[in-house]
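Engineer: First, the structure itself, so that you have it in front of you.
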Amino acid sequence: MKKIALFAALVAAGVATSSAEEAQSSYSVTLDFPYTSKYVFRGVELASSSIQPSVEVASGPIYIGVWSNQPITKHQENEFDFYLGYKHKLNDAWDLDAGATVYYYPELDTSEGGERSTTEGYLGLNGNIKGFTPGVYTYYDFDLKATTIQGQVGYSIPAPTAGLSFDFSANVGRVFIKNSADYSYWSVGMNVPYKINDKATFYVGASYSNNDITGAKRDLMNFTGGISLSF
């Protein structure tokens, strides 16, 4: 469930890094080692404090990777996401992004009918307009029969003398689930990357998320903080 992780700003940073490296190499590899105080996916808290290691390999427009959530708290299920995608540059401002993700929960108790793995396809449009990075995505989970539509936007304020930047992001989405109640979610966040060298970047960030699910918690627990090291 990497698309709505705390460090969403890593996507923009990863695109910039991959583009620079592809000029010298036919592929690039990105390793991330984040810690987050809560794992929130599409406005819903799925686990408390966790580490979320991932690896992604990109070659030209094709990328493939594995993202995981490993809760530090006992008795919470871990998760592995295997994804494959393709990015197509439409023009100088817009890119098309399409792919699929397999969500796998090896420790999930399926005695009550839960799915240990599901497959979701996605199609998105991402832009870069005068410093703003708008985007819109549609997701469809073939096993859960769930459709998600999400809009997002980011904006970065560079601070070159300090060797960092202030990256702001926001998103809003709606989930439509067959034979279940639909719901909306939203989040805002800020991420501060610090470039250690040409290959390593340290991140610290925070976000606030919420949803309109009946009975869902709406208190300070919706705040999430985290740190990450990316290579």
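The values are calculated or read from the model by the stated rules, or taken from the named source; none is laboratory data. What you are looking at is a predicted structure, and each value in this text was computed from that prediction instead of being measured. Heads up, the Cβs are rebuilt from the backbone with ideal geometry, glycines too, and the neighbour counts pull from every protein chain shown.
Engineer: In the range 88-131, which residues are within 21 Å of the chain's Cα centre (by Cα), more than 20 Å from L144 (Cβ to Cβ) and of a type in the set (K, R)?
Structural biologist: Selection gives K89 alone.
Engineer: Pick from L6, L90: which is at pLDDT below 95, of a type outside the set (S, T, N, Q) and under 22 Å from F132 (Cα atoms)?
Structural biologist: Working: L90 fails: at pLDDT below 95.
The unique qualifying residue is L6.
Engineer: Here is a list: T110, T133, T148. Which entry is touching a Lys or Arg at 6+ places or on another chain (Cβ under 9 Å), touching a residue at least 60 places away in the same chain (Cβ under 8 Å) and either among the β-branched types (V, I, T) or closer than 23 Å to F176 by Cβ (or both)?
Structural biologist: Testing whether each residue is touching a Lys or Arg at 6+ places or on another chain (Cβ under 9 Å), touching a residue at least 60 places away in the same chain (Cβ under 8 Å) and either among the β-branched types (V, I, T) or closer than 23 Å to F176 by Cβ (or both) leaves just T148.
Engineer: I'd like to verify a number: residues in the range 156-198 that are among the charged types (D, E, K, R) and either under 21 Å from the mean Cα position of the chain (by Cα) or assigned to a helix (DSSP H, G or I) (or both), how many? If you could, list the steps in order and put the result at the bottom.
Structural biologist: Taking the range 156-198 and keeping what is among the charged types (D, E, K, R), we get 167, 174, 178, 182, 195, 198.
Filter once more, keeping what is either under 21 Å from the mean Cα position of the chain (by Cα) or assigned to a helix (DSSP H, G or I) (or both): 167, 174, 195.
Number satisfying all stated conditions: 3.
Engineer: In the range 131-155, what count of residues is obtained for those that are in contact with a helix residue (DSSP H, G or I) (Cβ under 7 Å, 6 or more places away or on another chain) and more than 17 Å from W186 (Cβ to Cβ)?
Structural biologist: 1
Engineer: Does the range 108-122 contain at least one residue that is farther than 23 Å from A47 by Cβ and assigned to a strand (DSSP E or B)? Don't jump to the end; show me each part of the working.
Structural biologist: Keep residues of the range 108-122 that are farther than 23 Å from A47 by Cβ, which gives 121.
Now restrict to residues that are assigned to a strand (DSSP E or B): 121.
Yes, the range 108-122 contains at least one residue that is farther than 23 Å from A47 by Cβ and assigned to a strand (DSSP E or B).
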